[in-house]
Every structure is written in C-alpha cells, then in structure tokens.
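Visitor: Here it is, the structure, as structure tokens.
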Amino acid sequence: MATDIKEEIANYLLNNCFLMGTVDTTREKYYYVINHEESFRQIFLPIGYTLVIHRNLRVVQLINNHGSGRIALRKYESIILLIFRLLYVEKRESLSTNEDRIYTTVEEIKNEYEKLNLPRKFDRAFLEDSIRNIKRYNLVQVADKLVDMDAKIQIYPSVMLAMPDTDISKVYDETVKLLSQYENSEEEDEE
C-alpha cells in the first residue's frame with residue numbers, strides 16, 4: 001500500500017514539478033513527502049533528479065540535475081508568469097504572515113501587463129492561452145471563469161521557484177542594457 005502511494009506521488013512530481021502544502025488538493029502528498037523525505041530522495045537520485053523542500057514556502061520541488069525537463073514557455077507566457085510572481089510578492093508583503101492563499105484578479109494582471117507597452121493586446125483569450133501551460137505545473141489555479149475583470153486566480157508559492165532570481169536578474173540586466181542602447185540611438189538620430 002505505501003509503495004503505491006509513493007509511486008503515485010513520485011509520478012505526480014515528475015509530471016507537475018511542484019507539490020504545495022498550502023493547497024487542498026496536494027496537501028496530503030506534500031506532507032507524505034515531508035514525512036518520507038529520504039525514501040523520495042532515493043527514488044529520484046538514480047534517474048537524475050533532486051528533491052528540494054522549501055519549508056518556508058511549504059513547497060516540494062523536483063529539479064533535473066542535467067538541466068533538461070524544464071518548463072517550455074513562450075515569450076508571452078513568460079511575461080505573464082513574471083507578472084504572477086510580481087503580484088505574489090506584492091500581495092504576500094501586504095497580507096498577514098499566516099495567510100496561505102494569494103489571489104489576484106484579471107484586472108490586476110491586465111494593469112501590470114499594460115505597463116509594459118507590449119505589441120500584443122491583453123484580452124481574455126490571450127490570458128487563457130497564457131495560463132493554460134503555467135497552471136499545468138502547479139504555479140497558479142483559476143478560481144473563477146475569466147469572463148470578468150474581477151475574476152480571481154490563485155497564485156501558488158511555487159511561482160517563486162519557477163524562475164530563479166539569478167535568471168530574473170540576468171534578464172533584467174539585459175533589458176536595461178538594450179533599453180539604454182535604444183535610447184542612445186534615438187538621441188543620435190535626433191542630432
């Protein structure tokens with residue numbers, strides 16, 4: 001019986017990357033892994049995965065040691081993921097420390113997206129398409145139908161782990177450099 005549960009949870013982790021202790025549907029699995037941590041490490045070690053437990057976020061993460069098996073997001077999915085991360089951090093800081101559930105609305109996502117002045121316009125179809133792949137990896141969960149601007153989406157703490165801070169910093173630095181070059185070329189054109 002215990003082997004069946006371990007196999008089920010190991011398979012779940014391989015398919016979803018994250019287990020949350022703050023989400024009703026994965027809470028039991030999360031605590032089972034916590035209570036059997038070493039046996040799960042032994043399951044994943046021979047196939048090249050490392051089990052990482054982030055106790056402060058209450059998230060179990062599975063990382064491929066060879067850099068493969070990463071989430072493949074398109075450009076706009078990555079932008080929406082970064083917006084989810086930004087909103088998670090902002091809301092986490094403003095809520096009480098014992099609040100487990102972080103929600104955002106379609107309107108909040110739209111407002112952050114429009115600040116970026118990107119060529120693709122924000123609409124419901126765009127948001128649904130972007131979320132489809134993101135939610136597959138236990139990063140968010142749509143709580144309401146996305147027909148209204150006040151429709152809610154739960155942001156899971158795993159969103160903090162989907163893209164490491166070093167990657168975000170690197171992308172930010174590259175963006176600042178490109179913007180600087182763009183501004184300099186505009187100034188030269190004006191002269």
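Visitor: Looking only at residues in the range 64-88 that are modelled with pLDDT of 85 or more and touching a Gly at 6+ places or on another chain (Cβ under 9 Å), which one is surrounded by the most Cβ atoms within 10 Å (Cβ to Cβ)?
Guide: Residue satisfying both the conditions and the ranking: Asn64.
Visitor: Is there a residue in the range 31-54 that is of a type in the set (Gly, Ala, Ser), surrounded by fewer than 12 Cβ atoms within 10 Å (Cβ to Cβ) and part of a loop (DSSP other than H, G, I, E, B)? Spell out the reasoning first.
Guide: First pass over the range 31-54, keeping only residues of a type in the set (Gly, Ala, Ser): 39, 48.
When the remaining residues are screened for being surrounded by fewer than 12 Cβ atoms within 10 Å (Cβ to Cβ), the result is none.
No: zero hits.
Visitor: While we're looking at this one, here's another question. When you go through Lys135, Lys152, Lys145 one by one, which is the residue that is within 17 Å of Lys91 (Cβ to Cβ), open to solvent by 80 Å² or more (accessible area, probe 1.4 Å) and modelled with pLDDT of 85 or more?
Guide: Working: Lys135 fails: within 17 Å of Lys91 (Cβ to Cβ); Lys145 fails: within 17 Å of Lys91 (Cβ to Cβ).
Of Lys135, Lys152, Lys145, the one residue that is within 17 Å of Lys91 (Cβ to Cβ), open to solvent by 80 Å² or more (accessible area, probe 1.4 Å) and modelled with pLDDT of 85 or more is Lys152.
For every residue, the table says whether it meets (1) closer than 20 Å to Ile134 by Cβ; (2) assigned by the TED database to the domain that holds Tyr113; (3) touching a Ser or Thr at 6+ places or on another chain (Cβ under 6 Å); (4) modelled with pLDDT under 85.
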residue	(1), (2), (3), (4)
Ile43	no, no, no, no
Asn56	no, no, no, no
Val60	yes, no, no, no
Ile102	yes, yes, no, no
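Visitor: Another question, then. Take Ile134 and tell me if it is within 24 Å of Ala72 (Cβ to Cβ), aliphatic (A, V, I, L, M), touching a strand residue (DSSP E or B) at 6+ places or on another chain (Cβ under 7 Å) and touching a residue at least 40 places away in the same chain (Cβ under 8 Å). Quick ask: steps written out before the conclusion?
Guide: Numbers: within 24 Å of Ala72 (Cβ to Cβ): yes; aliphatic (A, V, I, L, M): yes; touching a strand residue (DSSP E or B) at 6+ places or on another chain (Cβ under 7 Å): yes; touching a residue at least 40 places away in the same chain (Cβ under 8 Å): yes.
Yes: the conditions hold for Ile134.
The values are calculated or read from the model by the stated rules, or taken from the named source; none is laboratory data. Keep in mind it's a predicted model, so treat the numbers as computed, not measured. Note that we place each Cβ from the backbone using ideal geometry, even for glycine, and neighbour counts take in every protein chain shown. To get the accessible areas, we keep the full protein, side chains included, count just its heavy atoms, and leave off ligands, DNA and RNA. Shrake-Rupley method; radii C 1.70, N 1.55, O 1.52, S 1.80 Å.
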